[in-house]
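Each remark here refers to the structure printed beneath this line.
The values are calculated or read from the model by the stated rules, or taken from the named source; none is laboratory data. Just so it is clear, the structure is predicted and the values come from calculations on it, not from any experiment. No Cβ is skipped: glycine too gets one built from the backbone with ideal geometry, and neighbour counts run over all protein chains shown. SASA here: full protein model, heavy atoms, side chains in, ligands and nucleic acids out. Shrake-Rupley method; radii C 1.70, N 1.55, O 1.52, S 1.80 Å.
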Amino acid sequence: MLKREMEDGEVRLADPQFRADVLAGLERRPRAIPARWFYDRRGSELFEAITDCCEYYPTRTETAILRACGPEIAALAGEGRAVVEFGSGSSTKTPLLLGCVAPSAYVPIDISGDFLRESARALAEQHPGLTVIPVEADFMRPIALPGRIADSPKLGFFPGSTIGNLTPAMAVDLLRAMRASLGASDNGGAMLVIGMDRIKDAGVLMRAYDDAAGVTAAFNLNLLARVNRELDGTIPIDAFRHRAVWNDDRARIEMHLEAVRDVAFSVDGRAFKMSARETIHTENSHKYGPRDARILLRGGGWTPVGEWTDPDGLFAVYLAEAQAERVAP
């Protein structure tokens, strides 16, 4: 198995699923690598930088919505729930929710372990009386949450419109996995706060995913640097460029890494060739209208009970509760 040197100099085994996904993705046509592998330490840092770009409206818009609707969420969800955040990243929006719902505990879940632990420590320092239990895991699958919160009512938190990175079928699967992870309890069924980006002018969307400073481009290209570092890759990064495309038929922004010339390279000892203008599809960001969002939530086992948006209708935040299992209409 490959060994890889981390950013901190420590040598660890390469993630076997990362290796499998990259090799399979480079072999298929069209080529594609799952977006979840963006988030090594450098990728997580670059994504946080993207959220500060003036063109990237989702973060500041969702933050404003959460600040405004927090008391309503607290009134509907009730106090004392364990807040479980899926894909927590730096947890920058988390204090807005925690300050309203008076949680019994906070459980951040993220695939980037080092980044997760650092942000969890910082948040614990901000909330000294709060129990913080970081969980390093892939939230795409049901997760066994720590036993100490097993019997607590839970409030899932999934901000940032990360749900849009998935195809609709995968998004439904994720919502079902979240429902399974949060489960039910004797003290009240699970609830979920989730952000979803809305369909809007294509120009606004394109600028948000191809900023003038090139931060999103660096974020996309960092995936190739990670492949080189962790999987003994020889990809010439200067042979690729970031490309963002609005796919109107599927209501999504697509991100690609496009070869600017014919290129040959190897990954884990396996040889690959790509022609000029051929791409590696790295991310989707689906946009949902209000009805679409509610249908998606119901398909994943959640009933919407609250919906909030900004004055321009750019973004929406939903509160939903877990549906009881049904075998008939």
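Look at (1) surrounded by fewer than 16 Cβ atoms within 10 Å (Cβ to Cβ); (2) in contact with a helix residue (DSSP H, G or I) (Cβ under 7 Å, 6 or more places away or on another chain) and you find that Ala82 fails only one, number (1). Look at Gly195 and say whether it is within 20 Å of the chain's Cα centre (by Cα) and either assigned to a helix (DSSP H, G or I) or over 14 Å from Tyr288 (Cα atoms) (or both). When the stated conditions are applied, Gly195 does not pass them. Within segment 153-160, is there a residue that is in contact with a Pro (Cβ under 6 Å, 6 or more places away or on another chain), within 23 Å of Pro103 (Cβ to Cβ), of a type outside the set (A, V, I, L, M, F, W, C) and not in a helix (DSSP H, G or I)? The answer is no; no qualifying residue exists.
Taken over segment 293-304, the criterion of being assigned to a helix (DSSP H, G or I) and either open to solvent by less than 40 Å² (accessible area, probe 1.4 Å) or in contact (Cβ under 8 Å) with a residue 40 or more places away in the chain (or both) is satisfied by Ala293, Leu296, Leu297, Gly299.
On the basis of being touching a strand residue (DSSP E or B) at 6+ places or on another chain (Cβ under 6 Å), modelled with pLDDT under 90 and among the hydroxyl-bearing types (Ser, Thr, Tyr), does Ser104 make the cut? Criteria not met by Ser104. When Arg117 is tested against (1) surrounded by 15 or more Cβ atoms within 10 Å (Cβ to Cβ); (2) part of a helix (DSSP H, G or I), only condition (1) is not met.
Give segment 18-54 a look and list any residue that's at pLDDT 95 or above, within 25 Å of Ser119 (Cα to Cα) and not in a helix (DSSP H, G or I), or say none. Selection gives Cys53, Cys54.
Looking across Val101, Val107, one residue alone is of a type in the set (Val, Ile, Thr), over 17 Å from the mean Cα position of the chain (by Cα) and crowded, with 22+ Cβ neighbours inside 10 Å. It is Val101. State whether one or more residues within segment 241-250 are open to solvent by less than 30 Å² (accessible area, probe 1.4 Å) and without any contact (Cβ under 8 Å) to a residue 60 or more places away in the chain. Yes; the residues of segment 241-250 include at least one that is open to solvent by less than 30 Å² (accessible area, probe 1.4 Å) and without any contact (Cβ under 8 Å) to a residue 60 or more places away in the chain. How about segment 251-287: which of its residues are aromatic (Phe, Trp, Tyr) and crowded, with 17+ Cβ neighbours inside 10 Å? Scanning segment 251-287 gives a single hit, Phe265.
Mind listing whichever residues of segment 270-304 are farther than 16 Å from Leu175 by Cα and aliphatic (A, V, I, L, M)? Even if it seems obvious, please write down each step before you answer.
At the first step, the residues of segment 270-304 found to be farther than 16 Å from Leu175 by Cα are 270-285, 287, 289-291.
Correct list: Ala271, Met274, Ala276, Ile280.
Here Ala324 meets the list (1) surrounded by fewer than 18 Cβ atoms within 10 Å (Cβ to Cβ); (2) not in a loop (DSSP other than H, G, I, E, B) almost entirely, failing just condition (2).
The residue that is modelled with the highest pLDDT, counting only those in segment 1-17 that are under 26 Å from Met274 (Cα atoms) and open to solvent by less than 70 Å² (accessible area, probe 1.4 Å), is Asp15.
Screening segment 134-168 for residues that are among the hydrophobic types (A, V, I, L, M, F, W, C) and within 23 Å of Pro58 (Cβ to Cβ) and picking the one that is surrounded by the fewest Cβ atoms within 10 Å (Cβ to Cβ) gives Met140.
His127 meets all of the listed conditions (1) in contact with a strand residue (DSSP E or B) (Cβ under 9 Å, 6 or more places away or on another chain); (2) closer than 30 Å to Leu205 by Cα but one, namely (2).
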